[in-house]
1. Say whether the condition of being in a loop (DSSP other than H, G, I, E, B) and under 18 Å from the mean Cα position of the chain (by Cα) is met by at least one residue in region 221-240.
2. Could you tell me how many of the residues in region 132-170 are over 17 Å from the mean Cα position of the chain (by Cα), within 30 Å of G61 (Cα to Cα) and free of Cβ contacts under 8 Å to residues at least 60 places away in the same chain?
3. Can you go through G46, G36 and tell me which one is buried (at least 21 other Cβ atoms within 10 Å of the Cβ) and at pLDDT 95 or above?
4. Given (1) hydrophobic (A, V, I, L, M, F, W, C); (2) without any contact (Cβ under 8 Å) to a residue 24 or more places away in the chain; (3) outside any helix (DSSP H, G or I), identify the lone condition not met by V211.
5. Going through region 116-138 one residue at a time, which ones are surrounded by 11 or more Cβ atoms within 10 Å (Cβ to Cβ), of a type in the set (D, E) and assigned to a helix (DSSP H, G or I)?
6. Across region 167-197, what is the number of residues that are among the small types (G, A, S), surrounded by 14 or more Cβ atoms within 10 Å (Cβ to Cβ) and touching a Phe, Trp or Tyr at 6+ places or on another chain (Cβ under 8 Å)?
7. I'm trying to understand the selection: among the residues of region 1-33, which are within 24 Å of A179 (Cα to Cα) and at pLDDT 95 or above?
8. Hey, could you check region 198-210 for residues that are polar (S, T, N, Q) and surrounded by fewer than 20 Cβ atoms within 10 Å (Cβ to Cβ) and say which is nearest to G240 (Cα to Cα)?
Amino acid sequence: MKTAARSDPATEADHTSARTVAIIMDGNGRWANARGLPVEAGHREGTRALRRTVEAAIDLGITTLAVYAFSTENWSRPADEVAALMIILGETIEKELPDLAEQGVRTRFFGRRDRVPGDLRERMAELERKTQDLDTLGLWIAFDYGGRAELIDATRRCIEDGLAAAEVDEAAIATRLNAPDLPEIDLLIRTSGEFRISNFMLWETAYSEFVFTDTLWPDFGAADLEDALAVFAARDRRFGGR
């Protein structure tokens with residue numbers, strides 16, 4: 001897959017079409033609680049929402065989709081929930097993502113991997129290898145990811161690479177992010193009615209349009225994505241200009 005280079009957003013030809021979309025997938029727990037189900041059931045239903053959203057993204061002409069699956073702060077959740085999330089990710093890699101690969105979806109993970117169980121790390125890497133030449137849509141899954149940690153790590157890499165202070169500019173930081181091939185985000189969607197970005201992609205969303213929806217993530221689907229794209233298309237993106 002040929003990845004899109006980071007570019008000056010103000011020079012993009014089409015400001016009305018969101019080609020690169022990010023989603024904060026929130027609301028699994030509340031979805032489960034409303035139905036008297038364990039939180040794990042909400043997370044499992046969330047994986048089904050991910051699959052149908054990726055398929056909808058393909059149909060709607062989105063080329064890059066980044067999703068927030070597990071944050072650096074999520075380790076503080078109850079141990080049994082964290083363990084279940086690791087199992088569910090493994091199941092998703094085995095069952096859901098290969099079917100998406102048949103539709104041309106390339107999957108990549110970004111964030112820390114040193115705290116992820118070894119067998120899961122291997123499955124993540126194997127899926128990345130198997131899908132590396134696919135180019136219908138790029139699916140980026142943020143796992144054990146935090147936006148502040150990403151910027152700290154990028155800054156440390158600048159120092160480790162011997163850059164002088166005057167050489168540390170936007171390009172220097174951008175090329176040292178967790179996923180330097182990931183284009184800047186056109187549209188960020190957050191589900192579940194919350195109005196915050198929760199430490200997600202602080203750099204990449206600098207000029208993004210935000211859409212917040214009350215829909216809980218397990219209920220999210222093609223119609224919700226299409227609605228968000230319609231809102232985006234109606235926005236006047238000026239990128240700091242008038």
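The values are calculated or read from the model by the stated rules, or taken from the named source; none is laboratory data. A quick note: this is a predicted structure, and the numbers were derived from the prediction, not measured. Neighbour counts run over all protein chains shown; Cβ positions are idealised from the backbone, glycine included.
1. yes
2. Going through region 132-170 one residue at a time, the tally reaches 1.
3. The conditions single out G46.
4. (2) is the only condition that V211 fails.
5. E122, E126, E128
6. 3
7. Matches in region 1-33: T20, V21, A22, I23, I24, M25, D26.
8. Per the criteria, the residue is T205.
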